[in-house]
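Right, one structure below, let's go through it.
The values are calculated or read from the model by the stated rules, or taken from the named source; none is laboratory data. This structure is a prediction, so every number in the text was calculated from the model and none was measured. When we count neighbours, we look across all protein chains shown, and the Cβ atoms used for this are built from the backbone with ideal geometry, even at glycine. Keep in mind that these areas ignore ligands, DNA and RNA; they rest on the heavy atoms of the full protein, side chains included. Shrake-Rupley method; radii C 1.70, N 1.55, O 1.52, S 1.80 Å.
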Amino acid sequence: MRSFAFSDSALARRLERAESAANASFVEARARFMPAVGAMWIDVDGTWAMFDGVGSPCTQTFGFGLFSTPRDDQLDAIESFFSSRQSGVMHEVSPLADPSTLSLLGARGYLPIEASSVMHRPIDAAIVGPSTPDVRVRVITPDEVAMWASASVRGWGDFPELGDFMRDIGTVMGRSRNTACFVAEIDGVVAATAALSTHEDVALLTGASTIPDYRGRGAQNALLQARIAYAASVGCDLAQMVAQPGGSSQRNAERQGFRIAYTRMKWGKK
């Protein structure tokens, strides 16, 4: 396997831009299919600010302090973008951002509210894992978006209160540019879902969900293998995942050859 890239600012820019591009595509899809939300995004000196509705996990910025030296006037423009939409302001901040980023955010009243592990692995070899001959993985067709979204919701069966929210997210994701949605089928029945968004040569793996009755049967491993192969086929050489630090998703990713590039902090101000 190709050696891992160093966890430096160059790698951080690749990873953060890939994630911001995936979210920008999501916001654009929301604007096309649900215009009442008023979804849009802007680029402020390399920081991409997304509005996907008040309370949406996509309503935040990516890349603050990483693509340009942070300034008060830059932050003024970003805050105005969100406040004009009656939204709080949140920034995903890489530890590789300019050192002045944290002092500027602290001086403006921001507080750290959430951490995430940004993970990566090179793509030049297939994922090695247990054989799952009874699992069939395929990319959905455009007319299967509603089916994919409903199956994703069923995978969140442990949290029924999130049903409508996750169906909404899945419906928009399935219509986003540069995004491929996958299903894993067991005995002809959809057992799990996952997605992959590409930007330049980076593949962001998202959308993993397994219906409770099919857990432990290798569906997500098969989906991971299929997405890595798909990413390689479209010219990507780097795979990315984002997980809760120390959680099961992080452990599963590490078992499949992913490494933590850095632990990122989200900063917020209501």
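Taking label positions 7 Å along the Cα-Cβ direction at both residue 187 and residue 83, the computed distance is 5.9 nm, reported to one decimal.
Report the relative contact order of region 167-241, percent, no decimals, based on alpha-carbon pairs under 8 angstrom and at least 6 residues apart. That works out to 27 percent. In terms of its alpha-carbon gyration tensor, region 36-116 comes out prolate; a/c meets the 1.5 threshold, and the first ratio a/b outweighs b/c.
Across every direction, the projection of the convex hull enclosing the Cα atoms of region 188-270 has a mean area of 7.5 nm². The figure for residue 42 is an accessible area of roughly 50 square angstrom, using a 1.4 Å probe on the protein chains alone. Shape descriptor for the chain: Rg over Rh equals 0.96 (Cα atoms; Rh from the Kirkwood inverse mean 1/r). Apply the a/c threshold of 1.5 to the C-alpha gyration tensor of region 2-79 and tell me whether it is rounded, prolate or oblate. Verdict is oblate for region 2-79. For the chain, the relative contact order works out to 25 percent when only alpha carbon pairs closer than 8 Å and six or more residues apart are counted. Screening the chain for whole DSSP H helices with an alpha carbon extent of at least 20 angstrom along the helix axis and a mean Kyte-Doolittle hydropathy of at least -1.0 yields 9-33, 219-233. Between residue 237 and residue 263, full extension at 0.36 nm per residue minus the direct alpha carbon distance yields a gain of 7.2 nm.
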